[in-house]
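Everything below concerns the one structure shown next.
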Amino acid sequence: MPDTPDTEKQKRPPSRKKEPGQFRSIFIISILILAVMGAVFFFFGRSEHEPGRVTPVERQVPAPAITKPPQTRPSPEPAGPAAEAQVPAATRQGEKPGAPGAATAVAVEDQAKQCRQLAGNLHHFFSYLDQQEYLRPFDLKVPSQAYFVALAAKLLNNPPIVSGESNDLYTMLKNMAHFFRVIGRNNILLIKTILDRERDKIEDVAAELYQWTAIGACGNEQFKLNAPLPQLYEYAGFFLNTMGGRSYLFRRDSRSRLLVDYYAILIIDRANSKQLNKYGIDIRPIIPRLIQDIKSSNQLIYKEKYLDHLYDLQVKYQ
């Protein structure tokens, strides 16, 4: 007997109704997480662009004497692996680093000379900043050198989270807002203003600051920044290896981003040489990416020198 429509309905197994409750809960939670992250990006992205009164650094540093900077300021050679073989050289007069292993009294004397030269150059830069009208609205209260040395100490003593950032949403958001939390919106605006106004000097200053920290034993009355490698390593790892660090750099101009990536790689390389790479950060895949980014950029004065140093590192880590 052929099946009728009624008998077909009786034979067909009843369809299972999907319970929307579970999926609706997951969907709502996902929307809430995206909304929170979007609000954080919107708030902190906007807040860094809003001018305001500068919040003083918590630890005030006695003001050093301000000296008038020289009229001309030759440029140092950007730091790189060759300069780190023994002592990074300040190459204002074309000086080159000595051969590896030449740890003699002459090398110690050369190091002291380099420290004096770097201290003088950096002190002159900050003295120059003190004379710039665009800094007056920030009302620093102390000379810019004292202000920024204290600001650097505050950052170094309050490092970001490098390992386990993705374990929970709170840690990730905390990392994304790291600089806002530690030094505040107005200090971020101050730094951005200097980077924008002194575009032709920033690469020289960055090279000198890196060389100062790489020597490690520099102590000078003119410039008293102390930045040990383990503390610098935390920030290098933050910028190269965390979502918070990468998102922060991608909100900056391309020159600043490339320079931070470049010096972060040099710091990780130094950490490797001293067995201090405790997070196991692998710079091998990062080096070729940065090489391509620098090759396609027209924002860097010392572009070719950066590329030479990165190619050296690429060979070293093959």
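The values are calculated or read from the model by the stated rules, or taken from the named source; none is laboratory data. Everything quoted here is computed from the prediction, not taken from an experiment. Cβ sites come from the backbone with ideal geometry, for glycine too, and all protein chains shown count toward neighbours.
Structural remarks
- Among the candidates SER247, SER256, the residue that is of a type in the set (Ser, Thr, Tyr), within 26 Å of PHE138 (Cα to Cα) and within 14 Å of the chain's Cα centre (by Cα) is uniquely SER256.
- ASP196 being more than 29 Å from ALA112 (Cβ to Cβ), of a type in the set (Asp, Glu) and over 19 Å from the mean Cα position of the chain (by Cα): no
- Pick from region 120-133, criterion in contact (Cβ under 8 Å) with a residue 24 or more places away in the chain and either charged (D, E, K, R) or in contact with a helix residue (DSSP H, G or I) (Cβ under 8 Å, 6 or more places away or on another chain) (or both), ranking: farthest from ASN226 (Cα to Cα): GLN132
- Residue within region 194-213 that is assigned to a strand (DSSP E or B) and under 21 Å from PHE126 (Cα atoms) present: no
- Checked against the criterion of being within 18 Å of the chain's Cα centre (by Cα), modelled with pLDDT of 95 or more and more than 20 Å from PHE238 (Cα to Cα), the candidates TYR306, TYR262, TYR302, TYR311 yield just one match: TYR306.
- Checked against the criterion of being farther than 18 Å from GLU165 by Cβ and in contact with a Leu (Cβ under 6 Å, 6 or more places away or on another chain), the candidates GLU208, GLU203, GLU221, GLU304 yield just one match: GLU208.
- ALA207 being of a type in the set (Gly, Ala, Ser), surrounded by 17 or more Cβ atoms within 10 Å (Cβ to Cβ) and out of contact with any Asp or Glu (no Cβ under 8 Å at 6 or more places or on another chain): no
Yes/no per residue for (1) in a loop (DSSP other than H, G, I, E, B); (2) among the β-branched types (Val, Ile, Thr); (3) surrounded by 18 or more Cβ atoms within 10 Å (Cβ to Cβ):
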{"position": "ARG136", "(1), (2), (3)": "no, no, no"}
{"position": "LYS141", "(1), (2), (3)": "yes, no, no"}
{"position": "LEU155", "(1), (2), (3)": "no, no, yes"}
{"position": "TYR170", "(1), (2), (3)": "no, no, no"}
{"position": "ASN175", "(1), (2), (3)": "no, no, yes"}
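- Selected residue (criterion: nearest to THR213 (Cα to Cα)) from residues of region 236-251 that are in contact (Cβ under 8 Å) with a residue 24 or more places away in the chain and not in a helix (DSSP H, G or I): THR242
- For region 274-307, residues that are part of a helix (DSSP H, G or I), out of contact with any helix residue (DSSP H, G or I) (no Cβ under 8 Å at 6 or more places or on another chain) and either buried (at least 18 other Cβ atoms within 10 Å of the Cβ) or polar (S, T, N, Q) (or both) total 1.
- All positions within region 136-189 that are under 19 Å from ALA206 (Cβ atoms) and not β-branched (Val, Ile, Thr): SER144, GLN145, TYR147, PHE148, LEU151, ALA152, ALA153, LEU155, LEU156, PHE179, ASN187
- Any hit, region 267-281, residues being within 29 Å of LEU135 (Cα to Cα) and of a type in the set (A, V, I, L, M): no
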